[in-house]
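Novice: Take this structure first; my questions come after.
The numbers here are math on the coordinates, done by the rules we state, and not lab data. Just so we're clear, the structure is a prediction, and the values are computed from it rather than from any experiment. Backbone-built Cβ (ideal geometry, glycine too); neighbour counts: all protein chains shown.
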Amino acid sequence: MNEDGITCVGRETPDWKGKQWLMRIVNRKGKTEGLSNPVMSWWTAQMQQPSGPVCRMCLQEPGDPEKLGEFLQRDNLRIHYFCLSLCSAAFQILSSGLPQRGRASDGFHGFLPEDIKKETSRAARKTCFVCKKKGAAIFCQKERCRRNFHLPCGRERGCISQFFGEYKSFCEKHRPTQDIQPEKRAEEDCILCCESLSGGNDDNIQSPCCSRMIYHRKCIQKYAHSSAKHFFKCPQCNNREEFPKEMLRMGIHIPDRDAAWELEPGAFSELYQRHQHCDAPICLYKDGRDNFENEGRWGLILCTTCGSQGTHRSCSSLRSNSKKWECAECISTGLSFSSPPTVISPESF
C-alpha cells in the first residue's frame with residue numbers, strides 16, 4: 001500500500017482484477033503517475049490483446065519469419081514453423097513427443113493436426129521462465145537445467161535454438177558461446193549493414209574463418225534467410241564449410257531451399273527470351289531492325305556461339321537458307337566455333 005492508500009498488486013493478481021484496479025486509478029486521478037514504470041509496463045502488456053491469429057504453441061502473432069519461421073495455417077490450427085520443428089520428435093528433440101506420422105504433403109510438413117493439439121496440451125502444463133505463462137514446449141537441454149520457454153520469449157532473453165542434428169535448445173546461461181573481444185567489437189562495424197557493433201556478445205556473432213570478422217546476429221540471420229543453403233557463405237572469404245557450421249552452432253537458421261531471389265515470380269524469365277534484333281552494321285530490312293520474317297532472306301538468325309547477337313540473312317550477305325552465323329565479337333575474341341583451336345607448345349612456357 002502506498003501513500004495514497006492504494007495497494008500495488010504483483011503478477012499473482014488475476015488479469016480482470018488488475019484491469020479494474022487500473023481503471024479506478026485513471027478515473028480517480030485522470031493520470032497514472034502513481035504507478036511505477038515496471039508495474040505500468042506489466043499492466044499495459046496484460047491489457048493488450050492479439051489483433052490477429054496466434055501460434056498454437058507460443059501464443060504469439062505471426063511476427064518476423066526470419067525469427068519465428070513461416071506462419072502455417074490450416075483450418076483453425078496455426079503454428080510457427082520453428083515452434084513446430086523445435087518440438088518435433090522426428091528431429092530427436094528431447095523437449096517434446098510430437099511425432100511426424102504423415103507424409104510431407106499431410107498436415108504441416110508431415111505433422112498431423114491431432115498430434116499438434118496433443119502436444120500443445122502437454123506443453124500447457126509447462127511454465128515459461130521468461131513471461132511466467134503456460135505453454136512453454138521448449139526447454140534447455142543442458143543436463144539438470146529445468147528452464148522451459150516459448151520460442152519468442154527465449155529469443156528476447158538470449159536463448160539459442162539450433163536448427164540441425166537434434167535441434168537442441170539452450171537457455172542464456174548454457175547456450176554456446178564465442179570468444180568475442182570487447183575492444184575488437186568496439187572498433188569494428190558490421191560489414192553487412194555498416195553500423196556499429198553495439199550491444200553484448202548475444203547480439204553479435206563472429207566468423208570462424210578469414211580475419212574472424214564480427215557481425216550483428218540479426219544481419220547474419222537475414223543474410224541466411226535470403227541466400228539459403230546453396231548460396232550461404234562467408235561474406236568476406238566465401239568459405240562454405242567452417243562458416244555455415246559455426247553459424248548453425250550459434251543458432252542461425254539456414255533454410256534448405258533455393259535462394260530468395262530465385263523464388264521470385266519471373267526470376268528466370270530472361271532466360272526464355274530469344275534475341276529478336278538485327279545487329280548488323282547496316283540493316284537493309286524495310287521494316288527495321290526489330291522486325292523479321294520467319295524464313296528466307298529476311299529471316300533472323302542468331303550467333304551460333306553466344307546467341308546474344310542476331311542478323312537478317314541479307315544484312316550479312318548470307319544465303320536465304322543459311323542456318324549458321326557468328327557475330328564479329330565472337331570471331332575477334334577467338335570464341336568462334338569455326339576458328340581452329342589454339343595449340344600451346346611446351347616451348348611457349
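Novice: Within region 133-198, count lysine pairs with alpha carbon atoms under 23 angstrom apart where the residues are 8 or more positions apart or belong to different chains.
Specialist: Lysine pairs, 8 or more places apart or on different chains, close enough: 8.
Novice: So, one more: LYS67: which aspartates and glutamates have alpha carbons under 20 Å from its alpha carbon, excluding same-chain residues fewer than 8 sequence positions away?
Specialist: The reachable aspartates and glutamates, counting only those whose Cα sits under 20 Å from LYS67, are GLU156, GLU166, GLU172, ASP202, ASP203, GLU246, ASP256, ASP258.
Novice: Kindly state, to the nearest 0.05, the FRET efficiency for CYS210 paired with GLU329, given R0 = 45 Å and r defined as their beta-carbon distance. It would help to have the intermediate numbers written out before the result.
Specialist: On the way: r = 38 Å, r/R0 = 0.84.
For CYS210 and GLU329, the calculated efficiency is 0.75.
Novice: While we're on this one: For region 272-338, what's the radius of gyration and Dmax over Cα atoms, in angstrom?
Specialist: Final numbers for Rg and Dmax: 11.3, 33 Å.
Novice: Follow-up. With the calculation restricted to Cα positions, what are the radius of gyration and Dmax of region 191-320 in angstrom?
Specialist: Rg and Dmax of region 191-320, Cα atoms, are 25.0, 73 Å.
Novice: Moving on to the next point. Throw me the Rg/Rh for region 182-262, computed over C-alpha atoms with Kirkwood Rh, two decimals.
Specialist: 0.95
Novice: Follow-up question, since we're still on this one. Please give the contour-minus-distance gain from ILE191 to GLU172: 0.36 nm per residue of separation, less the Cα-Cα distance, rounded to one decimal in nm.
Specialist: Gain on stretching ILE191 to GLU172: 4.2 nm.
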